[in-house]
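The values are calculated or read from the model by the stated rules, or taken from the named source; none is laboratory data. Because the structure is predicted, anything quoted here is derived from the model rather than measured. Cβ atoms come from the backbone with ideal geometry, glycine included; neighbour counts cover every protein chain shown.
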Amino acid sequence: MFEIFGIPSGALFGQLLIGLINGSFYALLSLGLAVIFGMLNIINFSHGAQYMLGAFVAYLILQYSGIGYWPALIIAPLVVGLLGVIIERVFLQWLYKLDHLYGLLLTFGLALIIEGIVRNKFGSAGLPYTMPESLRGGQNLGFMFLPNYRAWVIVASLAICISTWFVIERTRLGAYLRAATENPTLVRAFGINVPVMITLTYGFGVALAAFAGVMAAPIYNVSPQMGSELIIVVFAVVVIGGMGSILGAIVTGFGLGVVEGLTKVFFPEASNTVIFVIMAIVLLVRPAGLFGRRA
Amino acid sequence: MKKTLGLAALTAFLLSGAAHAQQVTVKVGVLSDMSSLYSDIGGAGSVAAAKLAIADFTKANPNVKVELVSGDHQNKPDVGSQIANQWYDVDKVDAIIDVPNSGVALAVSQISATKNKAFVVSGAAASDLSGAKCNANTIHWTYDTWMLANGTGKAIVKTGGDSWFFLTSDYAFGHALERDTMAAVEKNGGKVVGKVRHPLNTNDFSSFLLQAQSSKAKIVGLANAGGDTINAIKAGAEFGLVKGGQKFAGLLVFASDVNALGLATAQGLTLTGTWYWDMNDANRAWTKRWQAERNAAGKFPTMVQAGVYSGLTHYLKSVAALKSGADGKAVVAEMKKTPTDDVLFGKGTVRADGRKVHPAYLLEVKAPGESKHPGDFYHVRATIPADEAFRPVAEGNCPLAKS
């Protein structure tokens, strides 16, 4: 087997694949953020808390009613999405006309409150969530052992990302949505109920976060702080991709997963900094992000 | 006869008068992480343990009155220092106890020495607290990095795990744990084939595990704690690390971490601890009381929380003996002079360098089938006697122990 920069190529392929898997999570989460920012102009800082809630709902329904992983993939996003709808109706709808900062502060505060409540109830150490039987085990790819669950993560994430992109960019519904953000008054004049559409969009974005949370539950520690650890990175991904750009969020999500994976081989100490270095460079060269349109 | 009675009455009068005059009041503060990642290890559970210690002690010694305060250092040395200063200067606190997070503990240790108060560490791990950075006001009670490294490292090398790969948390605690474990492994004839230092709070360990797998080391040593340890072990189970013939060595694992992993994932993990709630009847009985005090039936006390009970009990004994808690150095000297004895840690001693010594236990996480009741986490595989469990005084470079 040949070597690249002193690393056996097999190990390198393994790391690339792992980067892609982590990128799947970044893509799923940044997708939700991009949808919310693109359609509502809200910087949703409670996204991490909503991701965490997804994992906790999955844990709770397994614990108390024996509902397993597969139904949880549907139920948890619905429950948390509904919570999102309530948040939008009660709080966010009053903020659209104000500066971005207000939405950011509100959602940040909500994130702290949600996290605090969960920590108070369940403690900080985390809770166990077992992997579904059908996804255990893995394949030996020759250069690495690929757990079945990780393969499923890539497939599911790609499917969700592509269909979301398709709905928003290529269908009539998506066209309404985009039109409603450009000029809500005009779209309402055509007889479309814009506030309901906006509410549902926020609910959908939040549901995406919860979906990622359920996906994460079997492989990461289910703890109250799991979201806040991830959310900063995901924001960096969104900024690099271009705020509000759906395609940008997806592509940079996967791309930065790979970059981070490679950093873990060559310079592990920097692996949680590298994304921010890239962010700084991108902001210097292209302030609107790689895929962003200049305002 | 009349004379004898009179004498007895006089004696009784004098005694009660003396007891009344010797009413001792002391104020202690539990400084811990109340709201973040270490709050299950210490936190409200440490406060509950302190309350139990006070209740037990004042029942036997009604002339001692103990006040308790608690605070949240948020894992920030500056916040911890500020609370310690305020407690000592304004609130007239005589002693601080617990303080998980070595960074905060080292800061509080300094302040306690400057202000001549007593500091009993239960939650923090860095062996420097009774080593190069020891002082006459600090006692390191429950465990330290040297003890963890030596207990787990030595036991594993002796059972054939002679090649190691380290996953190390990239800050002072991780480096200390890695350094101490490497020394223990090499001293016992093992070798270290590689290591990788990961940032604190790493979410995904799969990349590092792949590196550990390709190193072909028999043992993957986890020189990290809390969420990092949990995530590493979870990913290890998924990537077939254990099935491939490698084993994890958790260098700092608490009962709360095992609970978070679930036995199915954690089974077979070897670790070292100084206290386990299900080891004997005394511990079990105390755990019931702790759960009632903490109002958490499903939670199990960690060694840190048990250490708060034990350490505070010994502190109060010394205060009662001196009839005052005002002079921190004198109380700590008294604590070192008298042997320790309590229901949780049994008999022990406090050394000149401030290190409390007691036996340590090599524990192995049970398989789900072997666990008979909630919290039935470990097999006790070996007992490391007190004189072997902790770093010899001479190797610690503590200035106090040299004179």
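Going through region B:271-316 one residue at a time, which ones are touching a Pro at 6+ places or on another chain (Cβ under 9 Å), among the hydroxyl-bearing types (Ser, Thr, Tyr) and crowded, with 24+ Cβ neighbours inside 10 Å? Within region B:271-316, B:THR274, B:TYR309 meet the criteria.
Out of all the residues in region A:204-229, which are at pLDDT below 90 and surrounded by fewer than 24 Cβ atoms within 10 Å (Cβ to Cβ)? Across region A:204-229, the qualifying residues are A:GLN225, A:SER228, A:GLU229.
Among B:ALA84, B:ALA49, B:ALA55, which is more than 14 Å from chain A (Cβ to nearest Cβ), of a type in the set (A, V, I, L, M), in a helix (DSSP H, G or I) and surrounded by fewer than 20 Cβ atoms within 10 Å (Cβ to Cβ)? Checking each option against the conditions leaves just B:ALA55. Residue count for region B:197-211 satisfying the condition of being crowded, with 23+ Cβ neighbours inside 10 Å, under 23 Å from A:ILE231 (Cα atoms) and more than 7 Å from chain A (Cβ to nearest Cβ): 1.
Among the candidates A:ILE61, A:ILE67, A:ILE43, A:ILE75, the residue that is outside any helix (DSSP H, G or I) and without any contact (Cβ under 8 Å) to a residue 40 or more places away in the chain is uniquely A:ILE67. Could you please let me know if B:GLY71 is in a strand (DSSP E or B) and more than 22 Å from B:VAL319 (Cα to Cα)? Considered against the rule, which asks whether it is in a strand (DSSP E or B) and more than 22 Å from B:VAL319 (Cα to Cα), B:GLY71 comes out as yes. Filtering B:GLY236, B:GLY245, B:GLY268 for residues that are more than 9 Å from chain A (Cβ to nearest Cβ) and crowded, with 24+ Cβ neighbours inside 10 Å leaves a single hit, B:GLY236.
Residues satisfying the criterion are present in region B:250-260 (criterion: in a strand (DSSP E or B) and buried (at least 24 other Cβ atoms within 10 Å of the Cβ)).
If you filter region B:212-232 down to residues that are within 12 Å of another protein chain (Cβ to nearest Cβ) and touching a residue at least 40 places away in the same chain (Cβ under 8 Å), you find that the one that is nearest to A:PRO8 (Cα to Cα) is B:SER215.
Picking from residues in region B:248-261 that are without any contact (Cβ under 8 Å) to a residue 40 or more places away in the chain and within 7 Å of chain A (Cβ to nearest Cβ), the one that is nearest to A:PHE145 (Cα to Cα) is B:LEU261. More than 10 Å from chain A (Cβ to nearest Cβ), part of a strand (DSSP E or B) and in contact (Cβ under 8 Å) with a residue 24 or more places away in the chain - does that describe any residue in region B:152-164? Looking for residues that are more than 10 Å from chain A (Cβ to nearest Cβ), part of a strand (DSSP E or B) and in contact (Cβ under 8 Å) with a residue 24 or more places away in the chain, one finds at least one in region B:152-164, hence yes.
Among the hydrophobic types (A, V, I, L, M, F, W, C) and either in a loop (DSSP other than H, G, I, E, B) or in contact with a strand residue (DSSP E or B) (Cβ under 7 Å, 6 or more places away or on another chain) (or both), is that true of B:LEU210? No, not satisfied. Filtered by the rule that a residue be among the hydroxyl-bearing types (Ser, Thr, Tyr), within 7 Å of chain B (Cβ to nearest Cβ) and surrounded by 21 or more Cβ atoms within 10 Å (Cβ to Cβ), region A:124-147 gives a lone residue, A:SER124. I'd like to know if region B:117-134 contains one or more residues that are among the hydrophobic types (A, V, I, L, M, F, W, C), closer than 29 Å to B:VAL220 by Cβ and in contact with a Pro (Cβ under 7 Å, 6 or more places away or on another chain). Checked region B:117-134: at least one residue is among the hydrophobic types (A, V, I, L, M, F, W, C), closer than 29 Å to B:VAL220 by Cβ and in contact with a Pro (Cβ under 7 Å, 6 or more places away or on another chain). Residues that are away from every other protein chain (no Cβ under 14 Å) and among the polar types (S, T, N, Q) were ranked within region A:242-287; the one that is nearest to the chain's Cα centre (by Cα) is A:THR252.
Of everything in region B:168-194, what is aromatic (Phe, Trp, Tyr) and either outside any helix (DSSP H, G or I) or more than 22 Å from the chain's Cα centre (by Cα) (or both)? Give them in sequence order.
Across region B:168-194, the qualifying residue is only B:TYR171.
Tell me whether region A:139-148 contains one or more residues that are assigned to a helix (DSSP H, G or I), under 23 Å from A:GLY255 (Cα atoms) and without any contact (Cβ under 8 Å) to a residue 60 or more places away in the chain. So far as region A:139-148 goes, yes, one or more of its residues are assigned to a helix (DSSP H, G or I), under 23 Å from A:GLY255 (Cα atoms) and without any contact (Cβ under 8 Å) to a residue 60 or more places away in the chain. Selection of region B:216-227 for residues being at pLDDT 90 or above and either at negative phi or not assigned by TED's automatic domain parsing to the domain that holds B:LEU252 (or both) yields B:ALA217, B:LYS218, B:ILE219, B:VAL220, B:GLY221, B:LEU222, B:ALA223, B:ASN224. Being over 19 Å from the mean Cα position of the chain (by Cα) and part of a loop (DSSP other than H, G, I, E, B) is a property that holds for B:SER324.
B:THR142: modelled with pLDDT of 90 or more, surrounded by 21 or more Cβ atoms within 10 Å (Cβ to Cβ) and part of a loop (DSSP other than H, G, I, E, B), yes or no?
So B:THR142 fits the description; yes.
Within region B:282-290, identify whether any single residue is among the small types (Gly, Ala, Ser), in contact with a Leu (Cβ under 6 Å, 6 or more places away or on another chain) and assigned to a helix (DSSP H, G or I), and answer yes or no. So far as region B:282-290 goes, no, none of its residues is among the small types (Gly, Ala, Ser), in contact with a Leu (Cβ under 6 Å, 6 or more places away or on another chain) and assigned to a helix (DSSP H, G or I). Here A:TYR69, A:TYR26 are screened, and the one residue that is surrounded by fewer than 24 Cβ atoms within 10 Å (Cβ to Cβ) and either of a type in the set (Asp, Glu) or within 25 Å of A:VAL222 (Cα to Cα) (or both) is A:TYR69.
Within region B:336-351, is even one residue within 26 Å of B:LYS92 (Cβ to Cβ) and in a helix (DSSP H, G or I)? Yes, because at least one residue in region B:336-351 is within 26 Å of B:LYS92 (Cβ to Cβ) and in a helix (DSSP H, G or I).
Are any of the residues in region A:1-8 at pLDDT below 95, in a helix (DSSP H, G or I) and out of contact with any strand residue (DSSP E or B) (no Cβ under 6 Å at 6 or more places or on another chain)? Looking for residues that are at pLDDT below 95, in a helix (DSSP H, G or I) and out of contact with any strand residue (DSSP E or B) (no Cβ under 6 Å at 6 or more places or on another chain), one finds none in region A:1-8, hence no. Would you mention how many residues in region A:78-96 are touching a residue at least 60 places away in the same chain (Cβ under 8 Å) and over 23 Å from A:ARG178 (Cα atoms)? Number satisfying all stated conditions: 4.
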